[in-house]
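Undergrad: My structure is below; once you've seen it, I'll send some questions.
The values are calculated or read from the model by the stated rules, or taken from the named source; none is laboratory data. Worth saying up front: this structure is predicted, and the values here are computed from it rather than measured. No Cβ is skipped: glycine too gets one built from the backbone with ideal geometry, and neighbour counts run over all protein chains shown.
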Amino acid sequence: MKQSIKSFVRARNRLSKINRNLLNQSPIDSFCRVEHFNGFDLSQSKQKRILEIGFGDGENLILSALDNPEASYYGIEVYEMGVANILKAIECKEISNANIILGDAIEVLEKNSVEDYFDEILIFFPDPWPKRKHNKRRLISKIFLCDIKKILKNDGVLIIKTDWQEYANEIEQNLKKTFEGYKKSVDKKSNLVTKYEKIALKEKRQITRFETF
């Protein structure tokens with residue numbers, strides 16, 4: 001089922017010429033724009049597949065891919081600057097197990113027909129769209145979670161983190177409608193603290209973590 005409302009608003013384009021060229025003429029075969037995406041690659045032979053939706057600056061994805069070369073990592077990000085930065089890191093560090101998609105995760109999942117694919121799906125600090133009139137833009141809807149469930153393996157795990165309590169309540173209600181079970185906890189500090197996690201901790205906001213089972 002298609003979702004017509006965008007979960008993001010693009011800021012004014014401030015990409016440098018170098019970054020623009022990198023996105024338009026990337027030497028990395030594992031990068032594509034959503035308009036060229038035809039579904040997740042069934043030929044990937046890695047033992048474990050992990051997807052991170054909205055990877056931001058890519059720090060978590062890059063370090064995870066380096067630490068676990070036997071796994072295959074996928075990242076979806078709608079903002080061009082974040083994608084340009086992670087492509088530079090992939091090239092510089094010669095990472096061969098990271099696949100990057102530039103585009104809206106909702107559109108990516110709508111174009112995909114492959115099911116039962118990922119062992120883990122990570123969604124860390126999605127935009128909470130705090131103003132009531134913008135709540136409809138929130139990414140984690142019931143429809144979106146149904147699409148997520150299709151691409152998770154039967155024993156796969158979805159992990160969501162948010163530091164916005166009202167959004168956490170909404171996420172929990174949508175999880176109840178789509179998954180058989182989940183664990184909810186307060187995440188005080190992770191092994192790897194991402195950019196938005198640092199901000200949440202600095203501002204002393206509670207981080208709620210959901211993990212499906």
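Undergrad: Does residue 132 satisfy the condition of being closer than 23 Å to residue 195 by Cα and at pLDDT below 95? So that I can check it myself, show each step before the final result.
TA: Numbers: closer than 23 Å to residue 195 by Cα: no; at pLDDT below 95: yes.
No; evaluated as a whole, the condition is false for this residue.
Undergrad: Right, something else. Among the numbered conditions (1) assigned by TED's automatic domain parsing to the domain that holds residue 80; (2) outside any helix (DSSP H, G or I), tell me where residue 106 comes up short.
TA: Of everything listed in (1) assigned by TED's automatic domain parsing to the domain that holds residue 80; (2) outside any helix (DSSP H, G or I), residue 106 misses just condition (2).
Undergrad: Still on this structure, I have one more. Could you pull out the residue among 77, 35, 94 that is in contact (Cβ under 8 Å) with a residue 60 or more places away in the chain and either surrounded by 16 or more Cβ atoms within 10 Å (Cβ to Cβ) or not assigned by TED's automatic domain parsing to the domain that holds residue 170 (or both)? Lay out the reasoning, then the answer.
TA: Details: 77 fails: in contact (Cβ under 8 Å) with a residue 60 or more places away in the chain; 94 fails: in contact (Cβ under 8 Å) with a residue 60 or more places away in the chain.
It is 35.
Undergrad: If I filter region 130-153 for residues that are farther than 20 Å from residue 77 by Cα, among the aromatic types (Phe, Trp, Tyr) and touching a residue at least 24 places away in the same chain (Cβ under 8 Å), do I get at least one hit?
TA: no
Undergrad: Here is a further query. Taking region 70-92 as the region of interest, how many residues are closer than 12 Å to residue 33 by Cα and in a loop (DSSP other than H, G, I, E, B)?
TA: 2
Undergrad: Let me ask another. Residues of region 90-110 being hydrophobic (A, V, I, L, M, F, W, C) and in contact with an Asp or Glu (Cβ under 9 Å, 6 or more places away or on another chain), which ones? So that I can check it myself, show each step before the final result.
TA: Within region 90-110, the first condition is being hydrophobic (A, V, I, L, M, F, W, C), and the residues that meet it are 90, 92, 95, 98, 100-102, 105-106, 108-109.
100, 101, 102, 105, 106, 109, listed by residue number.
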